[in-house]
Every structure is written in C-alpha cells, then in structure tokens.
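Reviewing the structure listed below.
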Amino acid sequence: MKARRKTGLVFFPAFDWAISETHPEREERLLYTQDQVFEEGILDIEGLVELNPELATARDVERVHFCVPDVEAILTESHYIAAGGCKTVAEAVLEGKVDCGFALVRPPGHHAMRSVHGARGFCNINIEAVMVEHIRHTYGVDRVAIVDTDCHHGDGTQNIYWHDPDTLFISLHQDGRTLYPGSGFASEMGGPNALGTTVNIPLPPMTSKEGFLHVLDRVVLPILEEFKPELIINSAGQDNHYSDPITAMNFCAQGYAKLTEKLQPHIAVLEGGYSIEGALPYVNVGIILALAGIDYSWVQEPNYDPEAIRQSDEVTRAIANTCEHVLEQRQQCGLKREQYLAGKEFVQRSKTVFYDTDNIIEEQKETVRVCRECAGVIKIDSYADTGNHLLGICVPRKACGACQKLGSQWFDEGNVKRYDLVCLQDRVLDQYQVKRK
Amino acid sequence: MIVGLDVGGTHTDVVVLQGREIVSKVKSLTDENNLLQTVCFGVFDAIRGMDPQAIQRVVVSTTLATNAIIQGKTEPVGILVASGPGVNPHAFTIGDHYYVVGGAIDHRGQEIAPINDEEVLEVARKLRSENVRNLALVSKFSIRNPSHELKMRDLLADNFETVTLGHQVSGQLNFARRIATAYLNGAVARISGEFYQAVHGCMEQEGIKIPLEILKADGGTMAQASSAQYAVETILSGPAASVMGTLAFTDPDKEEVVLDIGGTTTDIAIVVNGAPLLKPLGIRMGGYNTLVRALRTVSIGVGGDSWVRLENGDLKVGPERKGRALAYGGPELTPTDALVTLDTVRGGQKQRAIEGIHRLAEQLGKGVEETAKAIVEKSCSLIMEAVNALVNRVNQQPVYTIHELLEDRTIQPSGIIVIGGPAKEIAPWLQAVSGWQTRVPSEYEVANAIGAAIARTTCEVTVLADTSRGYVCAPEEGYLDKIGKEASKQRVVQIAFDLLRKKAHRLGADKNNLEMELLEDSEFNMVQGFYTVGRNIRVRAQIKPGLISPYGEAVV
C-alpha cells in the first residue's frame, strides 16, 4: 500500500494534559483515535510520514495575538506544542517534504481571537493563525484560505482575519442560534477593507453528509476557485458527527473523508470533536486516508445507520436556500463596500466577548482605518473584568506608509496611566513592542 | 558448561564456556543446504573430549527461518482475516490463500459483528482441497478481545497441522503487521519445528539431554518446545547474537555503539546503559513489516571486502562486494587491501594489494600510502555516517506526552565496540575518524557465539484493564479476570509482572535472573457525559534482553 499524496502527520495526543478532570478536552480525547490509527497500521504506509511536533515560540504567538498580561500567562506547554505541531506540518509542506499534512493536536484554537484574556471554547491561542503567520513570515506565502469545518463557528479565526483581504476564511457550522458561540451568520462577510473574504454558511441542526457536500460543491469549492489561494488550510473539527455529545448534526466518517478528498487541503488541523470513542477513531482514519489518497471505502462507524441519520427534505431545502443566499450576498459585496466606505476614514465595531472556559468578560472596541492601499491599521481597546485594560495596535503585513505611521503614532499616544499595557504588533517590521503601567 | 552456536552466512561459530573461560571455540564453513549437519557437527566438534552430561545449556542461533523467507522456501499458509471497518483489508493481502471474512471487534474489544461459522468453514474446505496445511487466523483488535480468533480456531484447528493466532504473536497494536507476522510464522512453523526437533534428537544421541534453546531477534532465547508456535521470532537472530556477545564489554553507565564488521556489511546497534535498544514495533522481513521483537540494528554495505573504485573522480567504497581482497586472490580492490598496504593487516599477498592501490593512486594523482589511508578513512566515515543517521532516527522517535516531549531524552553515544574479522585492525582508524573511544573485546572473532551462549530468556506481556466494564485481560496469555472499579494501576502492574514471570518460566528462563521492566504504563479516566465511569489502564512489561548470571554482572 502506498499513499498517492505524500502526507505528513503530527500526532500529539498530549496524554498528560486536560482542562479539568471531566472536561471534554481531557487526557484520553485522542486515546481511542491513537488505538485505531496504530491498529490500522497507518503509520507504516509508504508515503505517510510521522513528524514530532516542535514548540511554538512567544514570537510566533505575538505575530497574531495580544496576550494579556503576556504570552507566558496565557499559554501552557500544551498550547506551545499544539501550535508547534501545526508549524511542523506546515514546514514539511512548504519545504516540499510532503504534499499535504494533518496536525492531530490538542487543545484546539479556532475560538481564540486577536486579543486574549484567557480561554474560550476550550481555546487559548489560535493555532491555525499562529501557523499561517509563521509560514507567511518564513516562506513568503501570501494568499491563504482557511476552511473551518468544525461544528462551532470559527469566531476566533474570523476575528483575526476580518480585515485581511489576503486570507479567505470560510466557516460552515451549526446555526449560531442553536449553538455556541452564537455567531457566524451569512451577513458576516468581513471588514471594510476585506469585504467578501469572510464567508459564513450556517447550517440547520440535523444536517447530514448530503448537506455538507452540497455546501462544499455549491459554495466552498467555487469560492476557492475564484480566490486562488496558494495554500488551503482545513480547521478539521469533528463535532459535526452524529454521535457528538455537544452538537446536533448528523455527519459521518465517510462524509468527512469525502469532504477532505474534495477539499484537498494542504494542511488539516484538528479542532473540536468530543465523541472520543464512537466518532474520532473513524473520522480521523477517514481524513488521514483521504488526504493521502488511499481507499477509505471501508471506514465506517460500528453503529452507522444511514437511515437513522438521513437528512429531512426540510433541512435539504434550508441548506439550499442558505447557499443561494450566501452567494447572492457575495455578488453584492463590491457595491456594498463602496456604500459602506463612502466618506469614512475609520470604521469602528464594539462587542462583548465571553470567555466561557475561564469565565471572563471582555468589552472591546476595534477601530480600523479605511484604506485602499492595504488591509488597514487596527486599534483594539479591550477591557476585561479581570481588571486588565489593553490597547493593541496591529500594523498589517503589507501596510501602506500611512497606516504604518498611524500605528506608531497610536502606540506613542497610548497612555500607560490609562492602560495596563499598550502593544504594537508591527507586521511590516515583524516587531512586537509593549509598554506597561 | 554452556554451548553457544551462531550460524552465519559464511561461517558457523561455536564456543563452549566454563564459568568465564572459553574452553573451546570452533569456526567452520556454513553449509546452507545442510544446516542440521552444520549445527550438530559444530556442537560435536566443539565439545569433543568433554563430558556431555556436564553441559548445562545449549543455545543456537541459525539462519533457518530467515533463509526460508528470503529464498521463498516457505510453506503455503491459509490466512483468514476478520477485519471490520477501517483500512481496506485487501491492501494487506499476503500469500496465495488470503481470505477476508466477516466479524469485527472495536478498539475497546467489543464485538461489532460476529464470526459467520458457515463462511469460515467454507474457506477451510477450500484450503483443504488445495492441500494447505498451515493456518493463520487474525482479527482486528484481537489483542483487545481474541474471541474471534479463538472461535475460528475451534472451528478449524483439527484440519490443519499448524495454527497461528494473531493475538499470540504480539501484544502490540498493528493489524497490518499482525497479519504479516502471523502469516510468516505459519510459513516457517513446520520447517522450524521439525528442524529444531531434529537438532534436539541429534544432541540426545550424543548424550546432551538438556532442552535446547533458540536465540531470537530480540537477543533473548526461547525453549525448543516453542520453536513452531513462535517460529518467526527466530528470524535475524545473527545480528542479535553479536550484540549480546559484546554486552559484557559495554560500559553500564554509557551509551555506546556496537559495530560488527564483516566482509560484505557492517551491522550497527546501540547499547544504552548495558541494554541494547529494541525496534519500536518489530523487524522488517521479506518486504513485510512485522511485530517480531528485535534489536534495533541496521546493516550497511561497507565491509572488509567491499568494492573500492573511483566514480566520476570520487572514491567509492561498497555497497557491492566483488569477491575477496586482492591480497587474498580476489578480483577488485578492497579496504582490506588498504590495510595490508599500510601494514596494519599482515598476511596475504601484499604485492597484489599495493599494485591495486597504486592503480587507484595514479588516477587520483596521489601517493600509494596516502591513497590507502584515504580508503580506510572513507570506509570509517561511511560507517560513522550510518551510525549518526541511526542515532538521529532513534532520537526523533515520536512521543505522545508533554512530559516526554519536554524531557527531550536523546541519546548521544560516545563509545564504540568493534567486533568481526577486521575489528582489531580497523578500530584505531574508527577512533581517529569519529573521535569516540573505540574498544575491541578480547574474543571479538567469536562474540556472536558467546552472545548466543549467555543470552537470557526474554518475553513480553501486555495487560489491559477496563474498570468500567470490570475486567482485566492479557489476551496473548489467555488471561481474563474480573477487576473492581477502584482497581489501581499498581494492581495491574502486579498482574503483569506475575504473568511475565510465569511466561518466562514456561519459556525456560532461570527464575533467579529475570530482569523485569515496564515498557508502558498508562492510565486514563473514562468519562461518560460528565461523570467518571472507570479507568482504562494499559501495562506492558518485558524481561529485558541481557545476559544470564553471572555474565551480566561484571566486565569480562
């Protein structure tokens, strides 16, 4: 047996780390997956390469996040390894050692936003974003697409790339009216400088294989085709599975494998998925085989019953309508943007972010400079009920002179009597500066 | 007195040890076509004039199973595979009689689909009509629950001469390797069983009445009675014999490399604190990955008789061998000729060696001595490159816990022990090239036979406890018992050591010399909803490869 595509695998179950003893994100989450992967002999297959994860560094994290009070306070070893595992896979792909790769790491990351006061949705740092910014910095990659197939809306990744026209973020997830984190509606399409590079496809509960594959064929693949990314990343959450204890979808291992085969991501990163016995062992085997181009037709859950999870006509219709709605909205993006921007120099948005895992509330005001030259400099004024007050300024990777200058000015003006910390993330110079009270 | 015998590709070595003293050693030519004679005559020659009753132990290491597999002289095996969901089982097809049948067990050992008796019997009828006499029965996750393999055995065993059960070849997870291992075991089971029985018969006739022991690839021994059931474990015991023979010379506080330099190849092994490293899962044999426990050795095509020539102006050594050295009448220049030219090796036709070096020296535009040195140094650096590559691979072995990843337990060998024909002559060169302290044991030419003689019996057990389902089991050992919800990991470790002790005893081990160690001990809470319903405990323990008492205790 031989892989048709050479596939790198970081498998790091972190058997000695848990959020808490009975938390879904606990030691044995990948135990049965490891059993299945080992028993199938997958690591012996020619063309499948197992890689040991490296540790991400504080520098890697600071390219993406404003950690409050600092990186050390937010991350445990497991986070450095999870993000490092993604880096390892990405490096193998970018250096041509493998054609594609899968970082089977934990804990996940897609709920972590640009400013981080603690853990939310089991996530502390956004491991995909840390990886993407590392490869952009190291290998000069520009256009990247992240397709988030976790059942929960990837609100952290969306937040980080909201203003970036070079990162296409597509999330398909269970409708936010029925599931954490409650966002990800079709109308969320990106900030003023990047309208249309965020795409949300909320799906009704009880969506099955048929529905997911329809979304992929009708919306995801055509948009990817149009965007022409150099790299496709899949945030491969597995909680759309019919047996997942914290969601209400009806996806299956065969479906995940098919989706992977159609999407052909360069890098897949494990996100959520908490049916650790009944789903993860089979879904992960399916994804690995599909990535590597190996026959996955025999992969199936022991209790798989297609009749029991068949999608109702009503769900099918709802999904078809959502897809058309998403496509129509995209059509109007250009026009909308002009109306939206007319005469504006800055656009502001305010929001409250709840850190469910650490029980923290953050009040945030984000200001972006409307810019036709670059992604626009961003300022985040963020106050958490921990008492920490942050002013974070992000000068984007390809910032124009004006935006970069304004960023420095905002940083200089940042008053450490008012803020506990003032941070400047200058991606042009690849620098991170902090002023403290 | 104890006797050790190692059959090599060219030579067969035998030693007889009395205490720490070698009282007899014999080197003879191996007759691949008559291994029985090679083995028996080897032993008889070595003990000539001694009292056979005084012999307490005979251990043999042969190429029987290895050659049978490499040369395709194995017997047909009918293999029934109950796969269930996962990788397409047809991808693992092996041999001419491979059948995928119904029946499935999941990762926790729960039955998903039963064995279909009629389907299995039908396959058996077909196999019988084709005169297949060996059977291998394998199910996925059989090491979690062997009931499907046992069910098939109960249905079929009477009609076949040997039956290999997947869960008995290893306690490790890997269905693909379990299939290959069970198949290869079946393919050599009868050959191996009959051969060692014949050896034992010959020994008895000569008055050696003690049970025969056979060296395995992991550097341990097993009783002759197991030679059919575990036949496949005897493959590639040769490199293991050599490594075991050097163990008494290794530094118990150091990480060292063992090099066995032969005519064609050099075998490389790593010894850490007096214990040889094992392969993570098992050896690769005849194109198949297996679960056969084996010492972690690699073989490279650089030896005393390797072909030396220029290719595009670059000096090349090996991997081909064209024959013996020029100095010994061979056709092409070799590293041995360089050693002869430099007077490091004395003997042979020095003039022929010098002429060969001279021809190469002219092409290189260098002096004869300089060229000879370049050849030896090139050979040594090729060996050291392979050593470093092996060390790197060992250090890059995947880990799955944060603790292990951060601990970064890497090895950094700093010493070399060299054995084999040119060991003594090449050692100073290796030391110069590597900068590592290089030592040559006094009996370096028969280290392999010594290794066989003094290797201890080894084995491994895997014990699994699932306290939510209330059982503890070691399917490989046919062990199943109840266990309480609150059972601790210590309790399971205790069970593992008890089973290991029994198994070692059954395989012929000296019960006063069982160095038992844990290879794996992990424990996970099993949570359903938000409640802990039990614990999943996994323990793997082994008798460490090592030397029988008193050889392991001090440097010879």
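The values are calculated or read from the model by the stated rules, or taken from the named source; none is laboratory data. Computed from a prediction, not measured in an experiment: that's the story for all the values here. Neighbour counts are summed over all protein chains in view; Cβ atoms, including those assigned to glycine, are modelled from backbone coordinates with ideal geometry.
Might you let me know whether segment B:13-23 holds any residue that is among the acidic types (D, E) and surrounded by fewer than 17 Cβ atoms within 10 Å (Cβ to Cβ)? Scanning segment B:13-23, I find at least one residue that is among the acidic types (D, E) and surrounded by fewer than 17 Cβ atoms within 10 Å (Cβ to Cβ), so the answer is yes.
Does segment B:464-490 hold any residues that are outside any helix (DSSP H, G or I) and of a type in the set (S, T, N, Q), and which are they?
Listed by number, the residues that qualify are B:T467, B:S468, B:S488.
Considering A:G47, A:G96, the condition of being on the phi > 0 side of the Ramachandran plot, out of contact with any strand residue (DSSP E or B) (no Cβ under 9 Å at 6 or more places or on another chain) and at pLDDT 95 or above is satisfied by A:G96 alone.
Answer yes if at least one residue in segment B:114-134 is under 30 Å from A:A290 (Cα atoms), within 14 Å of chain A (Cβ to nearest Cβ) and surrounded by fewer than 17 Cβ atoms within 10 Å (Cβ to Cβ), and no otherwise. Scanning segment B:114-134, I find at least one residue that is under 30 Å from A:A290 (Cα atoms), within 14 Å of chain A (Cβ to nearest Cβ) and surrounded by fewer than 17 Cβ atoms within 10 Å (Cβ to Cβ), so the answer is yes. Here segment B:509-545 is the region considered, the condition is being in contact (Cβ under 8 Å) with a residue 60 or more places away in the chain and aliphatic (A, V, I, L, M), and the residue that is farthest from the other protein chains (Cβ to nearest Cβ) is B:I543. Within segment A:322-345, the residues that satisfy the criterion of being at pLDDT below 95 and surrounded by 14 or more Cβ atoms within 10 Å (Cβ to Cβ) are A:Q329, A:R330, A:C333, A:K336, A:R337, A:Y340, A:L341.
Can you name the condition, by its number, that B:V138 falls short on among (1) closer than 18 Å to B:Y98 by Cα; (2) within 22 Å of the chain's Cα centre (by Cα)? Evaluating B:V138 over (1) closer than 18 Å to B:Y98 by Cα; (2) within 22 Å of the chain's Cα centre (by Cα) leaves (2) as the failure.
Of the residues making up segment B:52-72, those that are in contact (Cβ under 8 Å) with a residue 12 or more places away in the chain and either over 22 Å from B:T10 (Cα atoms) or surrounded by fewer than 23 Cβ atoms within 10 Å (Cβ to Cβ) (or both) are B:P52, B:Q53, B:A54, B:I55, B:Q56, B:R57, B:T63, B:T66, B:N67, B:A68, B:I69, B:I70. Counting only helices (runs of 4 or more DSSP H) that sit completely within segment A:22-87, those holding 3 or more residues that are among the charged types (D, E, K, R) and touching a residue at least 12 places away in the same chain (Cβ under 8 Å) correspond to A:58-62.
Okay, residues lined up against (1) buried (at least 23 other Cβ atoms within 10 Å of the Cβ); (2) within 14 Å of chain B (Cβ to nearest Cβ):
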{"position": "A:E46", "(1), (2)": "no, yes"}
{"position": "A:P53", "(1), (2)": "yes, yes"}
{"position": "A:E62", "(1), (2)": "no, no"}
{"position": "A:H79", "(1), (2)": "yes, yes"}
{"position": "A:A83", "(1), (2)": "yes, yes"}
{"position": "A:L104", "(1), (2)": "yes, yes"}
{"position": "A:N126", "(1), (2)": "yes, no"}
{"position": "A:M131", "(1), (2)": "yes, no"}
{"position": "A:H134", "(1), (2)": "yes, no"}
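Being in contact with a His (Cβ under 6 Å, 6 or more places away or on another chain) and not in a helix (DSSP H, G or I), is that true of even one residue in segment B:202-223? Yes; the residues of segment B:202-223 include at least one that is in contact with a His (Cβ under 6 Å, 6 or more places away or on another chain) and not in a helix (DSSP H, G or I). Looking only at residues of segment A:14-25 that are facing chain B (nearest Cβ under 7 Å) and of a type outside the set (S, T, N, Q), we find that the one that is surrounded by the fewest Cβ atoms within 10 Å (Cβ to Cβ) is A:E21.
Restricting B:V433, B:V446, B:V493, B:V461 to residues that are touching a Cys at 6+ places or on another chain (Cβ under 8 Å) and either surrounded by 17 or more Cβ atoms within 10 Å (Cβ to Cβ) or not assigned by TED's automatic domain parsing to the domain that holds B:R346 (or both) narrows the list to B:V433. I'd like to know if segment B:180-194 contains one or more residues that are within 14 Å of chain A (Cβ to nearest Cβ), in contact (Cβ under 8 Å) with a residue 24 or more places away in the chain, crowded, with 22+ Cβ neighbours inside 10 Å and polar (S, T, N, Q). Yes; the residues of segment B:180-194 include at least one that is within 14 Å of chain A (Cβ to nearest Cβ), in contact (Cβ under 8 Å) with a residue 24 or more places away in the chain, crowded, with 22+ Cβ neighbours inside 10 Å and polar (S, T, N, Q).
Put simply, of B:V132, B:V59 the only residue that is outside the structural domain of B:S468 (by TED's automatic domain parsing), outside any helix (DSSP H, G or I) and within 30 Å of B:D510 (Cα to Cα) is B:V59. Can you confirm whether A:H110 is assigned to a loop (DSSP other than H, G, I, E, B), under 25 Å from A:E226 (Cβ atoms), in contact with a Cys (Cβ under 8 Å, 6 or more places away or on another chain) and in the same structural domain as A:T7 (by TED's automatic domain parsing)? The answer is yes for A:H110. I'd like to know if segment A:387-406 contains one or more residues that are without any contact (Cβ under 8 Å) to a residue 60 or more places away in the chain, assigned to a strand (DSSP E or B), of a type in the set (D, E, K, R) and surrounded by fewer than 21 Cβ atoms within 10 Å (Cβ to Cβ). Checked against the condition, which is being without any contact (Cβ under 8 Å) to a residue 60 or more places away in the chain, assigned to a strand (DSSP E or B), of a type in the set (D, E, K, R) and surrounded by fewer than 21 Cβ atoms within 10 Å (Cβ to Cβ), segment A:387-406 yields no hits at all. When A:I294, A:I288, A:I361, A:I319 are checked against the criterion of being modelled with pLDDT of 95 or more, within 24 Å of the chain's Cα centre (by Cα) and within 14 Å of another protein chain (Cβ to nearest Cβ), A:I288 stands alone in meeting it. B:T66 fulfils the conditions (1) touching a Leu at 6+ places or on another chain (Cβ under 6 Å); (2) closer than 30 Å to A:G278 by Cβ; (3) not in a strand (DSSP E or B) except for a single criterion, (2). Taking segment A:238-356 as the region of interest, the helices (runs of 4 or more DSSP H) fully inside it that hold 3 or more residues being closer than 19 Å to A:I42 by Cα are A:253-263, A:280-292. Considered as a group, the residues in segment B:305-319 that are touching a residue at least 60 places away in the same chain (Cβ under 8 Å) and small (G, A, S) include one that is nearest to B:I354 (Cα to Cα), and that residue is B:S306.
Run down B:E119, B:E149, B:E161 and say which single residue is touching a strand residue (DSSP E or B) at 6+ places or on another chain (Cβ under 7 Å) and either among the polar types (S, T, N, Q) or closer than 22 Å to B:T462 by Cα (or both).
Of the residues listed, the single one that is touching a strand residue (DSSP E or B) at 6+ places or on another chain (Cβ under 7 Å) and either among the polar types (S, T, N, Q) or closer than 22 Å to B:T462 by Cα (or both) is B:E149.
Within segment B:393-424, if we keep just the residues that are more than 27 Å from B:E443 (Cβ to Cβ) and under 21 Å from the mean Cα position of the chain (by Cα), the residue that is surrounded by the most Cβ atoms within 10 Å (Cβ to Cβ) turns out to be B:V394. Within segment B:320-350, being free of Cβ contacts under 8 Å to residues at least 24 places away in the same chain, surrounded by fewer than 21 Cβ atoms within 10 Å (Cβ to Cβ) and of a type outside the set (F, W, Y) holds for B:E320, B:K322, B:G323, B:G329, B:P331, B:D343, B:R346, B:G347, B:G348, B:Q349, B:K350. Of all residues in segment B:395-451, those being closer than 30 Å to A:Y32 by Cα and more than 12 Å from chain A (Cβ to nearest Cβ) number 1. Residues in segment B:93-113 that are facing another protein chain (nearest Cβ under 8 Å) and touching a helix residue (DSSP H, G or I) at 6+ places or on another chain (Cβ under 9 Å): B:A104, B:D106, B:H107, B:R108.
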